[in-house]
Amino acid sequence: MGKYISKKVASIPPYAIKQFFDIAATMDDIISLGIGEPDFKTPEPILQAGIQALQDGETHYSVNSGILPLRQAIAANLQERYGVSYDPESEVIITVGVSESLRLVFDAILDPGDEVIVPEPSYIGYVPPVLLAAGKAVTVPTRAENNFQPVPAEIEAAITPRTKALLMGYPNNPTGTVLQQEIMTAIVRIAQKHDLLIISDEIYDRLVYDWQHISFASLPGARERIVLLGGFSKDYAMTGWRLGYAAAPNALASALLKVHQYTIMCASTVSQYAALSALTDPAAEEAVQAMIAEYDVRRRILVNGLNDIGLACVEPRGAFYAFPSVAITGMDAMAFAEKLLLEEQVAVIPGTVFGTSGEGYVRCTYATATDQITEALNRIARFARRHG
Ligand SMILES: Cc1ncc(COP(=O)(O)O)c(C=O)c1O
(Lines give C-alpha, C1' and ligand atoms only; values in the text may rest on other atoms or scores of the structure.)
Protein backbone atom coordinates (compact mmCIF):
# COMPACT_ATOMS: atom_id res chain seq x y z
CA MET A 1 0.00 0.00 0.00
CA GLY A 2 3.05 2.25 0.41
CA LYS A 3 2.76 3.56 -3.15
CA TYR A 4 -0.43 5.36 -2.17
CA ILE A 5 1.20 7.32 0.65
CA SER A 6 2.34 10.81 -0.28
CA LYS A 7 6.06 11.65 -0.05
CA LYS A 8 5.15 14.38 2.43
CA VAL A 9 3.54 11.98 4.86
CA ALA A 10 6.13 9.25 4.31
CA SER A 11 8.87 11.75 5.24
CA ILE A 12 7.45 12.18 8.74
CA PRO A 13 9.04 9.80 11.25
CA PRO A 14 6.73 7.77 13.52
CA TYR A 15 5.73 9.33 16.85
CA ALA A 16 8.89 8.55 18.79
CA ILE A 17 7.56 8.91 22.34
CA LYS A 18 4.92 6.26 21.73
CA GLN A 19 7.32 3.32 22.17
CA PHE A 20 7.98 4.46 25.77
CA PHE A 21 4.34 4.72 26.63
CA ASP A 22 3.74 1.29 25.09
CA ILE A 23 6.41 -0.31 27.29
CA ALA A 24 5.31 1.71 30.33
CA ALA A 25 1.70 0.59 29.87
CA THR A 26 2.74 -3.04 30.43
CA MET A 27 4.46 -2.31 33.78
CA ASP A 28 3.21 -2.22 37.34
CA ASP A 29 4.51 0.32 39.83
CA ILE A 30 5.56 2.70 37.09
CA ILE A 31 6.24 6.36 37.76
CA SER A 32 5.84 8.48 34.68
CA LEU A 33 7.73 11.73 34.36
CA GLY A 34 7.07 11.35 30.67
CA ILE A 35 3.70 12.83 29.91
CA GLY A 36 3.44 16.43 28.75
CA GLU A 37 0.11 17.32 30.25
CA PRO A 38 -1.20 18.58 33.59
CA ASP A 39 -2.14 15.90 36.11
CA PHE A 40 -4.79 18.29 37.47
CA LYS A 41 -8.41 17.95 36.51
CA THR A 42 -9.89 20.99 34.75
CA PRO A 43 -10.83 23.49 37.51
CA GLU A 44 -14.42 23.12 38.73
CA PRO A 45 -15.78 26.52 37.55
CA ILE A 46 -14.61 25.75 34.01
CA LEU A 47 -16.18 22.28 34.13
CA GLN A 48 -19.45 23.75 35.34
CA ALA A 49 -19.44 26.31 32.53
CA GLY A 50 -19.06 23.46 30.03
CA ILE A 51 -21.90 21.48 31.62
CA GLN A 52 -24.10 24.58 31.69
CA ALA A 53 -23.41 25.26 28.01
CA LEU A 54 -24.53 21.74 27.12
CA GLN A 55 -27.67 22.09 29.19
CA ASP A 56 -28.38 25.44 27.55
CA GLY A 57 -28.35 23.71 24.19
CA GLU A 58 -24.99 25.03 22.96
CA THR A 59 -24.61 21.90 20.89
CA HIS A 60 -24.40 23.49 17.44
CA TYR A 61 -21.64 24.76 15.18
CA SER A 62 -20.35 28.18 16.16
CA VAL A 63 -19.26 30.81 13.66
CA ASN A 64 -16.03 29.67 11.97
CA SER A 65 -13.72 31.93 13.93
CA GLY A 66 -15.33 31.03 17.27
CA ILE A 67 -17.92 32.64 19.56
CA LEU A 68 -17.41 36.39 19.70
CA PRO A 69 -17.45 36.64 23.53
CA LEU A 70 -14.48 34.25 23.68
CA ARG A 71 -12.58 36.16 20.98
CA GLN A 72 -13.30 39.35 22.90
CA ALA A 73 -12.13 37.79 26.17
CA ILE A 74 -8.89 36.60 24.52
CA ALA A 75 -8.26 40.03 23.00
CA ALA A 76 -8.94 41.70 26.37
CA ASN A 77 -6.65 39.22 28.10
CA LEU A 78 -3.78 39.82 25.64
CA GLN A 79 -4.29 43.56 26.03
CA GLU A 80 -4.28 43.37 29.81
CA ARG A 81 -1.33 41.02 30.19
CA TYR A 82 0.90 42.10 27.32
CA GLY A 83 -0.42 45.50 26.23
CA VAL A 84 -0.94 44.25 22.68
CA SER A 85 -4.21 44.86 20.89
CA TYR A 86 -5.98 42.53 18.49
CA ASP A 87 -9.37 43.16 16.93
CA PRO A 88 -11.56 40.29 18.17
CA GLU A 89 -13.74 40.57 15.05
CA SER A 90 -10.99 40.06 12.51
CA GLU A 91 -7.69 39.14 14.17
CA VAL A 92 -8.47 36.28 16.58
CA ILE A 93 -9.43 32.73 15.55
CA ILE A 94 -10.45 30.00 17.97
CA THR A 95 -8.81 26.70 17.02
CA VAL A 96 -8.68 23.07 18.07
CA GLY A 97 -5.57 23.74 20.13
CA VAL A 98 -2.14 24.99 19.14
CA SER A 99 -1.82 21.71 17.22
CA GLU A 100 -4.41 22.93 14.75
CA SER A 101 -3.05 26.48 14.79
CA LEU A 102 0.36 25.21 13.65
CA ARG A 103 -1.22 23.38 10.71
CA LEU A 104 -3.21 26.49 9.80
CA VAL A 105 -0.20 28.76 9.89
CA PHE A 106 2.06 26.63 7.74
CA ASP A 107 -0.69 25.73 5.26
CA ALA A 108 -1.48 29.42 4.99
CA ILE A 109 2.06 30.81 4.57
CA LEU A 110 4.22 28.16 2.91
CA ASP A 111 4.65 27.36 -0.76
CA PRO A 112 6.51 24.13 -1.59
CA GLY A 113 10.16 24.41 -0.58
CA ASP A 114 9.71 27.46 1.66
CA GLU A 115 11.75 27.25 4.84
CA VAL A 116 10.96 27.71 8.52
CA ILE A 117 13.73 28.06 11.09
CA VAL A 118 13.14 26.11 14.29
CA PRO A 119 15.49 26.25 17.30
CA GLU A 120 15.87 22.82 18.88
CA PRO A 121 15.48 20.86 21.08
CA SER A 122 11.86 21.69 20.46
CA TYR A 123 8.33 20.37 20.75
CA ILE A 124 7.83 17.27 18.59
CA GLY A 125 4.82 18.88 16.94
CA TYR A 126 6.81 21.68 15.24
CA VAL A 127 8.53 20.03 12.25
CA PRO A 128 5.69 17.78 10.97
CA PRO A 129 3.21 20.59 10.18
CA VAL A 130 5.96 22.33 8.20
CA LEU A 131 6.52 19.12 6.22
CA LEU A 132 2.78 18.59 5.73
CA ALA A 133 2.64 22.05 4.18
CA ALA A 134 5.42 20.94 1.77
CA GLY A 135 7.86 23.25 3.54
CA LYS A 136 11.33 22.61 4.89
CA ALA A 137 12.19 22.89 8.59
CA VAL A 138 15.72 24.19 9.20
CA THR A 139 16.71 23.43 12.78
CA VAL A 140 19.22 25.49 14.76
CA PRO A 141 20.66 23.86 17.89
CA THR A 142 20.60 25.47 21.34
CA ARG A 143 22.90 24.50 24.20
CA ALA A 144 22.85 24.12 27.98
CA GLU A 145 25.69 26.65 28.39
CA ASN A 146 23.31 29.33 27.04
CA ASN A 147 20.40 28.01 29.11
CA PHE A 148 19.08 26.60 25.83
CA GLN A 149 18.36 30.12 24.55
CA PRO A 150 18.87 30.48 20.80
CA VAL A 151 21.88 32.50 19.67
CA PRO A 152 20.53 35.23 17.33
CA ALA A 153 23.62 35.15 15.07
CA GLU A 154 23.12 31.40 14.53
CA ILE A 155 19.49 31.99 13.59
CA GLU A 156 20.52 34.68 11.15
CA ALA A 157 23.14 32.38 9.63
CA ALA A 158 20.43 29.81 8.86
CA ILE A 159 18.38 32.26 6.77
CA THR A 160 18.24 31.64 3.01
CA PRO A 161 16.22 33.30 0.24
CA ARG A 162 13.55 30.62 0.88
CA THR A 163 13.12 31.40 4.59
CA LYS A 164 9.66 32.62 5.39
CA ALA A 165 9.33 32.35 9.15
CA LEU A 166 11.00 31.72 12.48
CA LEU A 167 9.13 29.36 14.82
CA MET A 168 9.66 30.23 18.48
CA GLY A 169 8.24 28.15 21.32
CA TYR A 170 8.91 29.77 24.70
CA PRO A 171 8.48 28.88 27.54
CA ASN A 172 10.01 25.86 25.89
CA ASN A 173 9.05 22.24 25.71
CA PRO A 174 11.28 20.27 26.49
CA THR A 175 13.88 22.52 28.20
CA GLY A 176 11.65 24.83 30.31
CA THR A 177 13.67 27.77 28.96
CA VAL A 178 12.20 31.25 28.91
CA LEU A 179 13.67 33.89 26.61
CA GLN A 180 15.66 36.89 27.79
CA GLN A 181 14.20 40.12 26.45
CA GLU A 182 17.45 41.10 24.70
CA ILE A 183 17.44 37.82 22.77
CA MET A 184 13.81 38.36 21.78
CA THR A 185 14.58 41.89 20.65
CA ALA A 186 17.52 40.63 18.56
CA ILE A 187 15.29 37.98 16.97
CA VAL A 188 12.66 40.59 16.10
CA ARG A 189 15.39 42.75 14.50
CA ILE A 190 16.52 39.80 12.41
CA ALA A 191 12.92 39.16 11.33
CA GLN A 192 12.57 42.84 10.36
CA LYS A 193 15.87 42.92 8.49
CA HIS A 194 15.03 39.80 6.45
CA ASP A 195 11.28 40.47 6.27
CA LEU A 196 10.26 37.24 8.02
CA LEU A 197 7.27 36.22 10.10
CA ILE A 198 7.68 35.02 13.68
CA ILE A 199 5.33 32.24 14.68
CA SER A 200 5.31 32.41 18.48
CA ASP A 201 3.87 29.44 20.37
CA GLU A 202 3.16 30.85 23.83
CA ILE A 203 0.98 28.00 25.07
CA TYR A 204 2.84 27.91 28.42
CA ASP A 205 2.69 31.69 28.94
CA ARG A 206 1.06 31.51 32.39
CA LEU A 207 3.27 28.67 33.65
CA VAL A 208 6.33 30.70 34.62
CA TYR A 209 8.13 30.81 37.97
CA ASP A 210 10.00 33.82 39.36
CA TRP A 211 9.60 35.22 35.90
CA GLN A 212 7.36 37.57 33.94
CA HIS A 213 6.41 36.21 30.54
CA ILE A 214 7.11 38.58 27.65
CA SER A 215 5.01 38.08 24.55
CA PHE A 216 6.81 38.45 21.22
CA ALA A 217 3.83 40.49 20.01
CA SER A 218 4.47 43.12 22.71
CA LEU A 219 7.97 44.04 21.50
CA PRO A 220 8.31 47.35 19.66
CA GLY A 221 7.52 47.03 15.96
CA ALA A 222 6.92 43.29 16.23
CA ARG A 223 3.13 42.87 16.15
CA GLU A 224 2.79 43.19 12.36
CA ARG A 225 4.99 40.16 11.74
CA ILE A 226 3.87 37.93 14.62
CA VAL A 227 1.41 35.07 14.58
CA LEU A 228 0.70 34.56 18.27
CA LEU A 229 -0.45 31.07 19.25
CA GLY A 230 -2.01 30.38 22.63
CA GLY A 231 -4.16 27.71 24.17
CA PHE A 232 -6.06 26.38 27.12
CA SER A 233 -4.53 22.88 27.37
CA LYS A 234 -1.66 23.65 29.69
CA ASP A 235 -2.44 26.88 31.58
CA TYR A 236 -5.98 25.76 32.43
CA ALA A 237 -5.51 21.95 32.51
CA MET A 238 -7.86 21.54 29.55
CA THR A 239 -5.96 19.21 27.19
CA GLY A 240 -9.01 17.07 26.40
CA TRP A 241 -11.23 20.05 25.57
CA ARG A 242 -9.01 20.76 22.55
CA LEU A 243 -9.04 24.53 22.43
CA GLY A 244 -6.58 27.22 21.44
CA TYR A 245 -6.35 30.40 19.45
CA ALA A 246 -4.28 32.26 16.88
CA ALA A 247 -3.98 36.04 16.86
CA ALA A 248 -2.47 37.81 13.87
CA PRO A 249 -2.79 40.98 11.78
CA ASN A 250 -5.98 40.99 9.74
CA ALA A 251 -4.60 39.82 6.37
CA LEU A 252 -2.80 36.88 7.94
CA ALA A 253 -5.75 35.99 10.18
CA SER A 254 -8.01 35.91 7.11
CA ALA A 255 -5.66 33.43 5.44
CA LEU A 256 -5.64 31.22 8.55
CA LEU A 257 -9.41 31.40 8.74
CA LYS A 258 -9.72 30.19 5.14
CA VAL A 259 -7.79 27.02 5.99
CA HIS A 260 -9.59 26.62 9.33
CA GLN A 261 -13.09 26.86 7.92
CA TYR A 262 -12.49 24.22 5.27
CA THR A 263 -10.63 21.89 7.65
CA ILE A 264 -12.44 22.10 10.96
CA MET A 265 -15.42 24.42 10.36
CA CYS A 266 -15.22 25.55 13.99
CA ALA A 267 -13.76 24.43 17.31
CA SER A 268 -16.02 22.56 19.76
CA THR A 269 -18.75 24.97 20.84
CA VAL A 270 -19.05 23.56 24.36
CA SER A 271 -15.27 23.87 24.84
CA GLN A 272 -15.49 27.50 23.76
CA TYR A 273 -17.98 28.26 26.53
CA ALA A 274 -15.79 26.46 29.06
CA ALA A 275 -12.77 28.48 27.89
CA LEU A 276 -14.77 31.69 28.20
CA SER A 277 -15.25 30.97 31.89
CA ALA A 278 -11.53 30.14 32.22
CA LEU A 279 -10.77 33.71 31.16
CA THR A 280 -13.59 35.55 32.90
CA ASP A 281 -14.56 33.72 36.12
CA PRO A 282 -12.46 34.86 39.10
CA ALA A 283 -12.89 31.41 40.69
CA ALA A 284 -11.24 29.83 37.64
CA GLU A 285 -8.36 32.30 37.96
CA GLU A 286 -7.92 31.34 41.63
CA ALA A 287 -7.68 27.69 40.63
CA VAL A 288 -5.06 28.53 37.98
CA GLN A 289 -2.99 30.43 40.55
CA ALA A 290 -3.14 27.42 42.88
CA MET A 291 -1.92 25.12 40.09
CA ILE A 292 0.96 27.47 39.25
CA ALA A 293 2.01 27.56 42.92
CA GLU A 294 1.92 23.77 43.09
CA TYR A 295 3.97 23.36 39.90
CA ASP A 296 6.55 25.69 41.37
CA VAL A 297 6.89 23.56 44.54
CA ARG A 298 7.30 20.43 42.42
CA ARG A 299 9.75 22.17 40.10
CA ARG A 300 12.08 22.99 42.99
CA ILE A 301 11.91 19.45 44.38
CA LEU A 302 12.65 17.91 40.99
CA VAL A 303 15.40 20.29 39.89
CA ASN A 304 17.19 20.27 43.26
CA GLY A 305 16.85 16.50 43.44
CA LEU A 306 18.29 15.96 39.95
CA ASN A 307 21.21 18.31 40.60
CA ASP A 308 21.92 16.57 43.95
CA ILE A 309 22.07 13.23 42.14
CA GLY A 310 24.53 14.73 39.65
CA LEU A 311 22.15 14.97 36.69
CA ALA A 312 23.02 18.60 36.00
CA CYS A 313 19.99 20.65 35.17
CA VAL A 314 19.70 24.31 34.17
CA GLU A 315 16.91 25.95 36.09
CA PRO A 316 13.72 25.72 34.04
CA ARG A 317 11.69 28.89 34.50
CA GLY A 318 8.63 27.91 32.50
CA ALA A 319 6.27 25.11 31.37
CA PHE A 320 6.51 21.96 33.52
CA TYR A 321 9.66 20.26 32.32
CA ALA A 322 13.22 19.78 33.56
CA PHE A 323 15.90 18.77 31.04
CA PRO A 324 18.83 17.23 32.95
CA SER A 325 22.08 15.96 31.48
CA VAL A 326 22.69 12.22 31.86
CA ALA A 327 26.43 12.59 31.20
CA ILE A 328 27.46 11.15 34.60
CA THR A 329 26.09 7.75 33.59
CA GLY A 330 28.08 7.68 30.35
CA MET A 331 24.92 6.62 28.52
CA ASP A 332 23.29 8.31 25.58
CA ALA A 333 19.79 9.70 26.07
CA MET A 334 17.99 6.72 24.55
CA ALA A 335 19.97 4.09 26.50
CA PHE A 336 19.42 6.04 29.74
CA ALA A 337 15.66 6.31 29.22
CA GLU A 338 15.31 2.64 28.22
CA LYS A 339 17.41 1.28 31.10
CA LEU A 340 15.78 3.56 33.67
CA LEU A 341 12.37 2.36 32.53
CA LEU A 342 13.29 -1.32 32.59
CA GLU A 343 15.39 -1.30 35.76
CA GLU A 344 13.57 1.25 37.92
CA GLN A 345 10.18 1.67 36.27
CA VAL A 346 10.61 5.42 35.84
CA ALA A 347 9.58 6.86 32.48
CA VAL A 348 11.43 9.91 31.12
CA ILE A 349 11.73 11.00 27.49
CA PRO A 350 15.10 10.86 25.68
CA GLY A 351 16.15 14.35 24.59
CA THR A 352 16.88 13.17 21.03
CA VAL A 353 13.12 12.93 20.45
CA PHE A 354 13.19 16.75 20.46
CA GLY A 355 16.09 17.10 18.02
CA THR A 356 19.68 15.99 17.68
CA SER A 357 20.91 18.65 20.11
CA GLY A 358 18.83 16.91 22.80
CA GLU A 359 21.45 14.12 22.85
CA GLY A 360 22.77 13.59 26.37
CA TYR A 361 19.61 14.93 28.04
CA VAL A 362 16.21 13.60 29.07
CA ARG A 363 12.92 15.37 29.65
CA CYS A 364 11.27 14.93 33.06
CA THR A 365 7.81 16.39 33.64
CA TYR A 366 6.83 17.84 36.99
CA ALA A 367 3.13 17.81 36.15
CA THR A 368 3.23 14.79 38.47
CA ALA A 369 2.25 14.52 42.17
CA THR A 370 4.98 15.45 44.67
CA ASP A 371 5.18 11.99 46.29
CA GLN A 372 5.66 10.47 42.83
CA ILE A 373 8.43 12.94 42.04
CA THR A 374 10.16 12.15 45.34
CA GLU A 375 9.95 8.40 44.74
CA ALA A 376 11.15 8.85 41.14
CA LEU A 377 14.16 10.78 42.47
CA ASN A 378 14.98 7.93 44.90
CA ARG A 379 14.89 5.48 42.02
CA ILE A 380 16.95 7.72 39.69
CA ALA A 381 19.54 8.18 42.48
CA ARG A 382 19.80 4.38 42.90
CA PHE A 383 20.11 3.99 39.13
CA ALA A 384 22.78 6.68 38.86
CA ARG A 385 24.80 5.09 41.71
CA ARG A 386 24.69 1.75 39.91
CA HIS A 387 25.73 3.24 36.57
CA GLY A 388 27.84 6.23 37.66
C1 LIG B 1 4.98 23.64 23.03
C2 LIG B 1 3.66 23.01 22.73
N3 LIG B 1 2.87 23.57 21.78
C4 LIG B 1 1.69 23.01 21.46
C5 LIG B 1 1.23 21.87 22.08
C6 LIG B 1 -0.12 21.32 21.65
O7 LIG B 1 -1.10 21.96 22.36
P8 LIG B 1 -2.67 21.82 22.12
O9 LIG B 1 -3.19 20.89 23.18
O10 LIG B 1 -3.17 23.22 22.30
O11 LIG B 1 -2.89 21.31 20.75
C12 LIG B 1 2.01 21.26 23.07
C13 LIG B 1 1.57 20.02 23.73
O14 LIG B 1 2.32 19.30 24.35
C15 LIG B 1 3.25 21.85 23.41
O16 LIG B 1 4.04 21.33 24.36
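The values are calculated or read from the model by the stated rules, or taken from the named source; none is laboratory data. For clarity, every value in this text was computed on a predicted model and none was experimentally measured. Positions of Cβ are backbone-derived with ideal geometry, glycine not excepted, and every protein chain shown enters the neighbour counts. Calculation scope for accessible area: heavy atoms of the full protein, side chains included, ligands and nucleic acids excluded. Shrake-Rupley method; radii C 1.70, N 1.55, O 1.52, S 1.80 Å.
Some notes on this structure:
- Solvent-accessible surface (1.4 angstrom probe) belonging to E120, in square angstrom, nearest 10: 10 Å²
- Nitroxide proxy distance, nm - points 7 Å out along Cα→Cβ at A293 and A327: 3.8 nm
- Cross-link pairs exceeding 25 Å between alpha carbons, from the set K136/K234; K3/K136; K136/K258; K7/K136; K164/K258: K136/K234.
- When nucleic acids and ligands are ignored and a 1.4 Å probe is applied, T59 ends up with an accessible area of around 90 Å².
- Vicinal HN-Hα couplings computed from phi for the range 71-77 (Karplus, 6.51 cos²θ - 1.76 cosθ + 1.60; Hz; Gly/Pro x): 4, 5, 5, 5, 4, 5, 5
- Taking the DSSP bridge list for the chain and keeping only pairs wholly inside it, about 40 percent are antiparallel.
- With every protein chain in place, the range 75-180: carbon and sulfur % of accessible area (1.4 Å): 51 percent
- 3J(HN,Hα) couplings calculated from phi for the range 327-341 with the Karplus curve 6.51 cos²θ - 1.76 cosθ + 1.60 (θ = phi - 60°) are, in sequence order, 3, 4, 8, x, 9, 7, 4, 5, 4, 4, 5, 5, 5, 4, 5 Hz; Gly and Pro show x.
- Accessible surface of L342 - all protein chains present, 1.4 Å probe, nearest 10 Å²: 110 Å²
- Distant-in-sequence amide H partners of G135 (H built 1.01 Å from N, under 5 Å): G113
- Based on C-alpha pairs under 8 angstrom that are at least 6 apart in sequence, the chain has a relative contact order of 24 percent.
- Note on the chain: helix-only mean residue ellipticity at 222 nm, from DSSP H runs of 4+ residues weighted -39500 (n - 2.57) and normalised by residue number, equals -13000 deg cm²/dmol.
- Distance between the 7 Å Cα→Cβ label points at H60 and D308: 5.9 nm.
- Dipole of the chain, positive direction: furthest Cα of V96, V227, P121, with charges on the beta-carbon: P121
- Of R71, R225, the residue with the largest accessible area leads and the full order is R225, R71 (1.4 Å probe).
- The 3J(HN,Hα) values that the Karplus relation (6.51, -1.76, 1.60; θ = phi - 60°) gives for the range 42-53 are, in residue order, 3, x, 3, x, 6, 4, 4, 5, x, 4, 4, 4 Hz. Gly and Pro appear as x.
- Stokes-Einstein D in µm²/s, Kirkwood radius over Cα pairs - the chain at 4 °C with 1.567 mPa s viscosity: 60 µm²/s
- About the centre of its Cα atoms, the chain shows a dipole size close to 940 debye [charges on the beta carbon of Lys, Arg (+1) and Asp, Glu (-1) only; nearest 20 debye].
- Solvent-accessible heavy-atom area per residue, rounded to whole Å², over the chain at 1.4 Å: 41 Å²
- Long-range amide H partners of E120 with built H, under 5 Å: V140, T142
- Other-chain or far-sequence residues with amide H under 5 Å of G231's (modelled H): Y245
- Cross-link partners for K193 among the aspartates and glutamates, with Cα-Cα distance under 17 Å and sequence neighbours closer than 8 places in the same chain left out: E115, E154, E156, E182, E224.
- Cα-based shape type of the range 1-140, given that a ≥ b ≥ c are square roots of the gyration tensor eigenvalues and the cut on a/c is 1.5: oblate
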